[in-house]
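Heads up, the thing below is written out as structure tokens.
Every read-out reported here was derived from the displayed coordinates using simple, explicitly stated rules and does not represent laboratory data. What you see is a predicted model; the values in this text were computed from it and never measured. Cβ sites come from the backbone with ideal geometry, for glycine too, and all protein chains shown count toward neighbours.
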Amino acid sequence: METPTRTLKIEVIGDSLSCGYGDLGDNPYCDWSTDTEDSTLSWGSLVAQNFSAQLYIEAWSGMGIVRNYGDPNTTSEYPFPTLFPRTLGSSDTSPEWDFKQYQPDVVLVNLGTNDYSTAPTPPHDVFVDGYVSFLTSLRGWYPNAELFAVCGPVTTDECCQAVSDAVDAFGDAHFVYALNILSWPTDYGCDTHPSITGQQKLAAKVIPAVAGVMGW
């Protein structure tokens, strides 16, 4: 039987939540390992599966918009947006990716959790400016895509307010609020990241938002 061609295209940009970090863990206190991570069960994969869409995921655990996890400063030298344009994110000499090779219909960004995960957190205006700058870059690379900024499910109200403010300031993206949707402890996997059910609940918040905008 011939596999049907998937014409809809989704791109997910994020951190460990989008990697599926710890989603196979059976409790919040287990330690992460490669055996506890499955990106095919992550929220972004579930969204793409729901729409039978092609999927690209660019996700890097610990990365933030302006500050990476555990940085002693309020901003980091190499947060996610500085690495995203590279073909190989970990290589300083990597050529820039040719964005014409994949033009998604929908871009789902879930970044900010690491910026606000530990002290010192970035100043509000610095984070908002950084997020707006990244959205502006995404719009340049993907002129026809609908951009969505997702916040949650394991961050703070301060973070989500900042993401919402960035979306308002940018004016050409959609905000998806996804805090307070997980139940303790069943929706948490290793290192208190979303479990399989937690990932499913996040996907359940994103799917109707995408459907409403795209008419899918």
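Remark on VAL12: its backbone amide H falls under 5 Å from those of TYR56, ILE57, GLU58, LEU108, a criterion applied only to residues 5 or more positions apart or on other chains, H modelled at 1.01 Å from N.
Checking every one of the GluC sites (Glu not before Pro) in the range 1-101 against DSSP loop status and a limit of 11 other Cβ atoms within 10 Å picks out GLU2, GLU77. Here's the list of lysines a cross-link from LYS9 could span, going by alpha-carbon distance under 21 Å and ignoring same-chain residues fewer than 8 apart: LYS100, LYS205. Once C-alpha pairs closer than 8 Å and six or more residues apart are averaged by separation and normalised to the residue number of the range 29-108, the relative contact order reads 15 percent.
The H on the amide N of HIS174, modeled in the peptide plane, is under 5 Å from the matching H of LEU147, PHE148, ALA149, each at least 5 residues off or on a different chain.
Centre-to-centre separation between the Cα atoms of the range 72-102 and those of the range 119-197: 19 Å. The chymotrypsin sites (Phe, Trp or Tyr not before Pro) of the range 63-161 that meet both conditions, a loop assignment by DSSP and at most 16 other Cβ atoms within 10 Å of the site Cβ, are TYR69, TRP97, TYR102.
For the chain, the Cys residues with no second cysteine's beta carbon closer than 4.7 Å are CYS19, CYS159.
Charge dipole of the chain (Cα centre as origin; +1 on each Lys and Arg Cβ, -1 on each Asp and Glu Cβ, all else neutral): 520 debye, rounded to the nearest 20.
Karplus-based coupling profile of the range 98-115, in residue order and whole Hz: 8, 5, 5, 5, 8, 10, x, 7, 9, 10, 10, 9, 10, 10, x, 4, 6, 4, with θ = phi - 60° in 6.51 cos²θ - 1.76 cosθ + 1.60 and x standing for Gly or Pro.
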